[in-house]
Amino acid sequence: MRSVSSCFSFVFACGLLVTGTTAQVDWWQSTVLYQIYPRSFMDSNGDGIGDLNGIASQLDHFVEIGVGTIWLSPIYKSPMADFGYDISNFTDVDPLFGTLEDFDNLVAEAKARGLRVVLDFVPNHSSDEHDWFVRSVAREDPYTDYYVWHDAIGTDDEGNPIPPSNWLSVFRFSAWEWNEERQQFYLHQFLTKQPDLNFFNEAVIKEFDDIILFWLDRGVDGLRCDAVKHMAEVQDLTMNEPPSGIDGVTDPTDYAFLDHIYTTNQDKTYEVLRHWRQLLDDYSAFNGETKVMITEVYEGDVDKLMAYYGTEDEPIAHFTFNFKFIDYLTGDLTAGKVRDAIANWLDNMPSWGWANWVPCCTNEQIGNHDNHRVASRFGSEVIDAINMLVQLLPGTAVTYYGEEIGMEDTFITWEQTQDPFGCNFGPEGYMNVSRDPERTPMQWTGERPNAGFSAAPDGATWLPVNENSYELDLNVAAQRGVPGSHMSVYGTLTALRNENAVIQTGLLLVPEELNDEFILTLIRY
């Protein structure tokens, strides 16, 4: 199988060298994991925002293209300060998306089609409107220490309380916010409306045990654990973090200005995650079917990243997302970069671990300014080539909604900007960090005004639909059944992937000196 672009080409040799029998793999290893951003997938009630019933109405699409598992970004009850990542109730659905009954129906309809459902799990923080936080502010036991609180270490010349340390929010500015009622600072590694939970409090861990079991009992097949490296901090909250020394980062309010040695990748984080993996394994053993745990960690230190696999005797994640694949594939796309991106993960992953391939920054991951869709990063001519890599390399394939039809980033004006991360950087800097361009509505048809996504009036969808849905046939309806279309190629690849030989056999990367300048050869055996 060969794919050629203006940048590079590569050759796969699949199945031809397979002999004998191969080891059996579990569902989470052979599946294609497809991320749905619920706001943008399908709107069933005409309010311009996607919802659970909309997703349920399009489940046959996944069967058609060979996807086995859908993964939902947060659907929990939320004030929506960060579009669902600020959760006010971890065991309910936000009315914007529907009801628990709608969720149950979605799961039932998915199961009827042989599809599995994975939920985003956001343990680092809650909304400041969560009942736990309200009670913690009031020092009402047992909630008093559910969050990370600390006294001011003094006052400045104007009488304002001074935070305990220099820690910064991922979203920029101080990670400490003064609460007038409690007369203490609380930690928020993201928005001020997202207070960090205290995982040195066993009661907090127990709360999340119950939350996990609540969703497993409703038929969820696994959890994608969000932003987990931020879960625990050093217990001495007054320790200042040192400068990162990153070239070009001179703004002291920018998260990248500091080296986050006291607020990320702490031993307590690994301990709690290991506990939850054991909870999932125990549930799996009782029910006879694996419940999967996936961790989302954007981390430059590969050893710290691989630690989220745990050990063979005490595993943590079934796999941790491979954002290294994104890191390596920047700038001009060459065969050497692709080879290095593959080898970097496989060479560093534990020998007993399971790989995965994430070609597009999957929407939530911030701190990576180059998180565009594949077509916008490398050019539309590379989409099929990247999908070949993702689907046919050994490991679990991950698809971000719309990549199967080659969706591109949409230009979003400052006035249209919704992403709070972008808003924090103002009209001059929002385009460098905003996640809105790759979050725009799924393009189902070429019909105006909303490409089949919503019956809302023109201009009333939460983000605008990309014009190329109408002008370039970048939509599902236009590509369905058309030989050579992105969607047709994608379906062919998932069908090939579903043959056991492709999933279960080895990989040989032909050394660079055996290739010409533009050819990368990968042999599955």
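When you count, for each residue, the other Cβ atoms within 10 Å and take the mean per peptide, how do 277-287, 451-461 rank with the highest first? Display every interim value, and only then the final one.
Working: 277-287: 14.5, 451-461: 18.2.
Most protected by this proxy first, the peptides run 451-461, 277-287.
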**Message:** Suppose we keep just the alpha-carbon trace of the stretch 104-163; what are its Rg and Dmax in angstrom?
**Reply:** 20.6, 65
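Using Stokes-Einstein with the Kirkwood hydrodynamic radius over Cα pairs, what translational diffusion coefficient do you get for the stretch 176-265 at 20 °C and a viscosity of 1.002 mPa s, in µm²/s rounded to a whole number? Spell out each step's value before the answer.
Details: Rh = 15.7 Å.
Translational diffusion coefficient: 136 µm²/s.
Which of rounded, prolate, oblate describes the stretch 33-75, given a ≥ b ≥ c as roots of the alpha-carbon gyration tensor eigenvalues and a/c under 1.5 marking rounded, otherwise prolate only if a/b is larger than b/c?
Numbers: a/c = 2.85, a/b = 1.55, b/c = 1.84.
Because a/c hits 1.5 or more and a/b fails to exceed b/c, the stretch 33-75 counts as oblate.
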**Request:** Give the long-range amide H neighbours of L168: residues separated by 5 or more places, or on another chain, with amide H under 5 Å away, using H modelled in the peptide plane at 1.01 Å from N.
**Result:** A175
**Message:** Over 5 Å intervals from 0, what percent of Cα-Cα pairs in the stretch 260-418 sits in each interval?
**Reply:** 1, 8, 16, 19, 18, 14, 11, 8, 3, 1, 0
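Would you mind calculating the relative contact order of the stretch 235-280 from Cα pairs under 8 angstrom and at least 6 residues apart, reporting the percent as a whole number? Don't skip to the end; give the middle numbers.
On the way: 25 pairs, mean separation 13.9, N = 46.
Relative contact order for the stretch 235-280 comes out at 30 percent.
Compute the Rg to Rh ratio over the chain from the alpha carbon atoms, using the Kirkwood formula for Rh, and round to two decimal places.
Values: Rg = 22.9 Å, Rh = 24.0 Å.
Result for the chain is an Rg/Rh of 0.96.
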**Request:** Provide Rg and Dmax in Å for the stretch 149-196, with only Cα atoms included in the calculation.
**Result:** 10.3, 29
**Message:** Working only with C-alpha atoms, what are the Rg and Dmax values of the stretch 206-250, expressed in angstrom?
**Reply:** 17.9, 49
**Asked** Quick one: if you stick a label point 7 Å off each Cα along the C-beta vector at A203 and T521, how many nm between them?
**Response** 6.5 nm
**Prompt:** Using a basic spin-label model with each label point 7 Å from the Cα along Cα→Cβ, how many nm lie between W178 and N498?
**Reply:** 6.1 nm
**Prompt:** Which whole-angstrom value gives the distance between the alpha carbon centres of the stretch 267-305 and the stretch 155-186?
**Reply:** 33 Å
**Message:** Please state the shape class of the stretch 219-272: rounded when a/c is under 1.5, otherwise prolate if a/b exceeds b/c and oblate if not, all from the C-alpha gyration tensor.
**Reply:** oblate
**Item:** Peptide ranges 151-160, 213-222, 241-250 listed from the most packed, as the mean C-beta count within 10 angstrom indicates
**Value:** 213-222, 241-250, 151-160
**Message:** Please compute the modelled spin-label separation between I153 and N45, points set 7 Å along Cα→Cβ, answer in nm with one decimal.
**Reply:** 4.8 nm
**Message:** Spelling out what I want: for every residue of the stretch 63-72, take phi, set θ = phi - 60°, compute 6.51 cos²θ - 1.76 cosθ + 1.60 (Karplus), and round to whole Hz; glycine and proline get x.
**Reply:** 4, 4, 9, x, 7, x, 9, 9, 10, 9
**Request:** Give me the aspartates and glutamates in straight-line cross-link reach of K111: C-alpha distance below 13 Å, same-chain residues under 8 apart excluded.
**Result:** D60, D221
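If Rh is defined by the Kirkwood formula over all Cα pairs and Rg also comes from Cα, what ratio Rg/Rh do you get for the stretch 41-127? Don't skip to the answer; put the middle values down first.
Working: Rg = 13.0 Å, Rh = 13.4 Å.
When Rh is taken as the Kirkwood radius, the ratio is 0.97.
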**Prompt:** With θ set to phi - 60° and the Karplus curve 6.51 cos²θ - 1.76 cosθ + 1.60, what are the ³J(HN,Hα) couplings of the stretch 464-472 in order, to the nearest whole Hz, using x for Gly and Pro?
**Reply:** x, 7, 5, 4, 5, 5, 8, 8, 10
**Request:** Quick one: which residues, 5 or more positions from L258 or on another chain, have an amide H under 5 Å from its amide H? H modelled 1.01 Å from N in the peptide plane, none for Pro or chain starts.
**Result:** S244
**Request:** Just order 84-93, 259-268 by mean Cβ neighbour count inside 10 Å, highest at the front, would you?
**Result:** 84-93, 259-268
**Request:** With a/c under 1.5 counting as rounded, go ahead and sort the stretch 185-334 into rounded, prolate or oblate using the C-alpha gyration tensor (a ≥ b ≥ c being the square roots of the eigenvalues; past the cut-off, prolate if a/b is larger than b/c, else oblate).
**Result:** oblate
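Carbon and sulfur: what percent of the stretch 166-306's accessible surface (1.4 Å probe)?
Details: 2800 of 5600 Å².
The nonpolar share, carbon plus sulfur, comes to 50 percent.
For the stretch 331-455, what % of the accessible area comes from carbon and sulfur atoms, probe 1.4 Å? Kindly include the intermediate steps, with their values, before the conclusion.
Numbers: 1790 of 3760 Å².
On the stretch 331-455, the fraction of accessible area on carbon and sulfur atoms equals 48 percent.
Which pairs break 26 Å Cα to Cα here: K193/K324; K206/K291; K77/K324? Show your work: numbers first, answer last.
On the way: K193/K324 30 Å; K206/K291 19 Å; K77/K324 32 Å.
From the list (K193/K324; K206/K291; K77/K324), the Cα-Cα distance tops 26 Å for K193/K324; K77/K324.
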**Fill in**
Regression test value, accessible area per residue of the chain, probe 1.4 Å, units Å², expected 38 Å²
**Fill in**
The helix 383-392 Cα axis meets the longest alpha-carbon principal axis of the chain at an angle in degrees, between 0 and 90 and rounded to 10, of 90 degrees
**Asked** Angle, helix 100-112 long axis vs. longest principal axis of the chain, Cα atoms, 0 to 90°, nearest 10?
**Response** 20 degrees
**Complete:** Once normalised by the length of the chain, the mean sequence separation of its alpha carbon contacts under 8 Å that are 6 or more apart gives a contact order in percent of 18 percent
**Fill in**
Rounded to a whole number, the Stokes-Einstein D of the stretch 136-228 in µm²/s (Kirkwood radius over Cα pairs; 20 °C; 1.002 mPa s) is 142 µm²/s
**Prompt:** Starting at 0 and stepping by 10 Å, how many percent of the alpha carbon pairs of the stretch 329-476 end up in each bin?
**Reply:** 11, 35, 33, 17, 4, 0
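The values are calculated or read from the model by the stated rules, or taken from the named source; none is laboratory data. What you see is a predicted model; the values in this text were computed from it and never measured. As a convention, Cβ positions derive from the backbone with ideal geometry for all residues, glycine included, and neighbour counts pool all protein chains shown. Keep in mind that these areas ignore ligands, DNA and RNA; they rest on the heavy atoms of the full protein, side chains included. Shrake-Rupley method; radii C 1.70, N 1.55, O 1.52, S 1.80 Å.
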